[in-house]
Amino acid sequence: MTPHQPLSIFRKTAVKVSGLHRTYGARAVIEGLDLTIGQGEFVALLGESGCGKTTLLRALAGLDPIQGGSIEVPGRPAMVFQEHRLLPWDSLWRNVTLGLRADDARERAAAALTEVGLGGRLDDWPRNLSGGQAQRVALARALVQEHKLLLLDEPFAALDALTRIRMHGLVKDLVARHQPGVLLVTHDVDEAITLADRILVMRSGAIAAEHVAHRHTPRTLRQMLLGELGVEKITDPIQTTQTNRELQL
């Protein structure tokens, strides 16, 4: 299989996966997967439940062992989960600097929390945060150590629609500023189109399709992705309205 390469504008590599194999008992979940993501590149990974998306993410994070192939990451990756996973007994700044060994840890936390819009709440507690604010703290924790690879496991799935839109803008700004390579696992096609430079579709433990986002209009890309995900026909309300108007002329 040909490795899925980063866009040419991304010169340095955030992660390179070659021939990855991951099994659970006798069942192969990932078979011979190749993937390369450049620093500063935002890659979204779509696929049906059980196709291996989260398994791949956990393997890249070093949380699960692999049975074959290799994963090359410069340093330790950061990961943001579906839930914020903040420690309720620690202040926000201590949550942000969890695992960080630095004399200026509080100052780094202050800078990171400021970037996510919570700069005045270093000594606040997780119980006082909304869901969106808690995910902002989780993002600050992921970015404070300047990791080269950021792994996002459906971090916005539990948020309401307006908060999700705000978080999308925040994440795009943070990635542009810090330039990590990003792999986002999501079930939301529109989220992938909004955020990603490149969109991959995973099927049966392998990358089945790949699209560079800017080469297609959002509507065309959406239809292509839905088709690859097994949605044969989708009603586009905008196109339906236009068609009805043309029929009335």
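The values are calculated or read from the model by the stated rules, or taken from the named source; none is laboratory data. Only a predicted model underlies this, so the values are computations on that prediction, with no experimental measurement involved. Heads up, the Cβs are rebuilt from the backbone with ideal geometry, glycines too, and the neighbour counts pull from every protein chain shown. To get the accessible areas, we keep the full protein, side chains included, count just its heavy atoms, and leave off ligands, DNA and RNA. Shrake-Rupley method; radii C 1.70, N 1.55, O 1.52, S 1.80 Å.
A few remarks follow.
- Proximal charge balance of Ser91 [Cβ under 13 Å; K/R count +1, D/E count -1]: +2
- Solvent-accessible area per residue, Å², over the stretch 1-143 with all protein chains present [probe radius 1.4 Å]: 48
- Across the stretch 167-210, the residues whose backbone nitrogen lies under 12 Å from the label position 7 Å along the beta-carbon direction of Met224 are 198-201, 209-210.
- The long axis of helix 218-228 is offset from the longest Cα principal axis of the chain by roughly 80 degrees.
- The apolar share of the surface of the chain, taken as the fraction of accessible area on carbon and sulfur atoms (1.4 Å probe, ligands and nucleic acids excluded), comes to 50 percent.
- For Ala14, distant residues with modelled amide H under 5 Å away: Ile37, Gly38, Gln39
- Among residues other than Asp124 with Cβ under 15 Å from its Cβ, the summed charge is +4 (Lys and Arg +1, Asp and Glu -1).
- Annotation: extensible slack from Thr217 through Tyr24 equals 65.6 nm (criterion: 0.36 nm per residue apart, minus Cα-Cα distance).
- Under 5 Å, built H, 5+ apart or other chain: amide partners of Ala209: Val201
- 5 angstrom amide H check on Val80, placed H, neighbours 5+ away: Leu151, Leu152, Asp153
- In sequence order, the stretch 42-47 has phi-based couplings of 10, 10, 9, 10, 10, x Hz under the Karplus curve 6.51 cos²θ - 1.76 cosθ + 1.60, θ = phi - 60°, and Gly or Pro positions carry x.
- Estimated vicinal HN-Hα couplings, Hz - the stretch 117-123 in sequence order (Karplus 6.51, -1.76, 1.60; Gly, Pro = x): x, 10, x, x, 10, 4, 9
- For Arg164, net neighbour charge (Lys/Arg +1, Asp/Glu -1) across residues whose Cβ lies under 9 Å away: -2
- Overall Cα dimensions of the stretch 1-114 - principal axes, largest extent first, Å: 46, 37, 24
- Our compactness index for the stretch 127-170, the C-alpha radius of gyration over the empirical 2.2 N^0.38 Å, is 1.18.
- Fraction of the pair-distance distribution of the stretch 53-185 above 20 Å, Cα-Cα pairs, percent: 44
- Computed from phi, the 3J(HN,Hα) profile of the stretch 137-150 under the Karplus parametrisation 6.51, -1.76, 1.60 (θ = phi - 60°) reads 5, 4, 5, 4, 5, 5, 9, 5, 9, 6, 5, 7, 10, 10 Hz, with x in place of Gly and Pro.
- Kirkwood Rh and Cα Rg combined as Rg/Rh, the stretch 174-223: 0.98
- Centroid-to-centroid, using Cα positions, the stretch 152-186 and the stretch 58-109 are 16 Å apart.
- For the stretch 152-235, the percent of C-alpha pairs falling in each 5 Å distance bin, counted from 0 to the bin holding the largest distance, reads 3, 12, 24, 24, 21, 12, 3, 1.
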